[in-house]
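Every read-out reported here was derived from the displayed coordinates using simple, explicitly stated rules and does not represent laboratory data. Just so you know, these numbers come straight off a predicted model, no measurement behind them. Glycine gets a Cβ as well: all are built from the backbone with ideal geometry, and neighbour counts include every protein chain shown.
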Amino acid sequence: MKYVQQAMDTNWVAPLGPNVDEFENELSRFTGSPNVAALSSGTAAIHLALIILRVKREDEVICSSFTFSASANPIVYEGAVPVFIDSETQTWNFSPPHLEEAIKDRMKKGKKPKAIIAVHLYGQCAKINEMTEIANRFEIPVIEDAAESLGSTYQKKHSGTFGKIGCLSFNGNKIITTSGGGALMSEEKWIVEKAKFLSTQARENAPHYEHKEIGFNYRMSNILAGIGRGQMEVLPLRIQQRRKIYQNYVEQLSAISEISFLPEMEGTFSNRWLTCILIDKNSKVSREDIRVELEKENVDARPFWKPMHLQPVFKDYPYYGSGVSDDLFERGLCLPSGSNLEESDQAMICELIRKMF
């Protein structure tokens, strides 16, 4: 409220302003990325990343299949072709062997991919070393979709800072929110400066309105950035709360052999954005049985992301995989994980689940 009130008192209510500058500085200090642009959404960040990397019509862009559609939609905005990659079983993020298979096959067909969009799902970092080695070998830039993993680290380095461009989201369901918003990060200053330019309608430096490129209204407002500044002050606490919620679920449900959890891989630290459970293939109780039973008690649990290659809108695009993400979708459930989840409510949820088994 303090930062929002400052914006109102000084009449900085439009895009840009002191809160935007400070929010970018605070994100930079937290993640270690030297250059940050605060934007209207994480989707806008991915879209601008593709434009900056010169993705054009009919180009191909590799993308995780097991993700939310906002990871893939910007590829189609540019008239490019998404090439979807299956998951692997350890992190549930995209499979390095299938990534290499896809690159080699697309090149054999005369289409070297222009970029790779790698998602860090549910707060768990992907296999970054393997991914980076493949991307570097074929000289394909990586865009990290770190929308769900702010505060997660791989070998003590923050997600979103490994690729050429990192993208964050501050949508209402993320670990911190600006109501609606996102950010683009890069080690390279020119990339972020270009993102800021394009996101303010690509207006040239002239006394009149001069435009040499197509621009977008993608910049964050000073009021929303004020919300973000307040949220940055509690981000470490939010991560601590989410990790505690995860641990409570593990302790209360670990006796059920048919339930497993997304592990924290060695060398990684997860913000545990959502606590997700996987139901054994041979269990008499299905993911859907649990979801419906919880729904009867007004508890909102949701299936995992439906893979993009199974979505009607993307079904005709290339896909490389072995059905891992299909299986995760069929057996996976996201449990209530909001930072303000009361322990008594969590205990009730666990009791309902235990009774079913």
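In table form, for the structure just shown:
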read-out	value
Potential lengthening between Arg29 and Glu188 on full extension [0.36 nm per residue; Cα-Cα distance subtracted]	55.7 nm
Mean separation of Cα contacts under 8 Å (6+ apart) over length of the chain, as relative contact order %	22
The range 282-330 and the range 1-51: distance between their alpha carbon centers, rounded to Å	34
Sparse-neighbourhood loop sites, GluC sites (Glu not before Pro) in the range 223-329 - DSSP loop, at most 11 other Cβ within 10 angstrom	Glu266, Glu297
Reciprocal of mean inverse Cα separation for the range 235-356 (Kirkwood radius, Å)	15.6
Simple spin-label estimate for Ser179 and Glu266 in nanometres, 7 Å along Cα-Cβ	4.7
Label-point separation, Gln252 to Asn73 (7 Å along Cα→Cβ), nm	3.4
In sequence order, calculated HN-Hα J values of the range 279-291 (Karplus, 6.51, -1.76, 1.60; Hz; x Gly/Pro)	8, 4, 4, 9, 5, 6, 9, 8, 4, 5, 4, 5, 4
Karplus-derived 3J(HN,Hα), 6.51/-1.76/1.60, for each residue of the range 89-97, Hz, glycine and proline x	7, 7, 10, 6, 8, 5, 7, x, x
Packing-based exposure ordering (other Cβ within 10 Å, fewest first) of His211, His98	His211, His98
Low-density loop cleavage sites - GluC sites (Glu not before Pro) in the range 136-177, where at most 14 other Cβ are within 10 Å (DSSP)	Glu139
Between the range 121-152 and the range 222-270, the alpha-carbon center distance in angstrom	20
Extension reserve of the Gln155-Glu351 stretch, reckoned as 0.36 nm per residue once the Cα distance is removed	66.9 nm
Ranked list, fewest to most other Cβ atoms within 10 Å of each Cβ, for Trp273, Trp12	Trp12, Trp273
Paramagnetic label zone (point 7 Å from Cα along Cα-to-C-beta, Asn217; backbone N under 15 Å) in the range 20-42	40-41
Rounded, prolate or oblate (a/c below 1.5 giving rounded, otherwise prolate when a/b exceeds b/c) for the range 81-206 by Cα gyration tensor	oblate
Residue order, fewest to most surrounding Cβ atoms within 10 angstrom, among Ile134, Ile46	Ile134, Ile46
Gln311/Thr10 FRET efficiency (R0 51 Å; Cβ-Cβ; nearest 0.05)	0.70
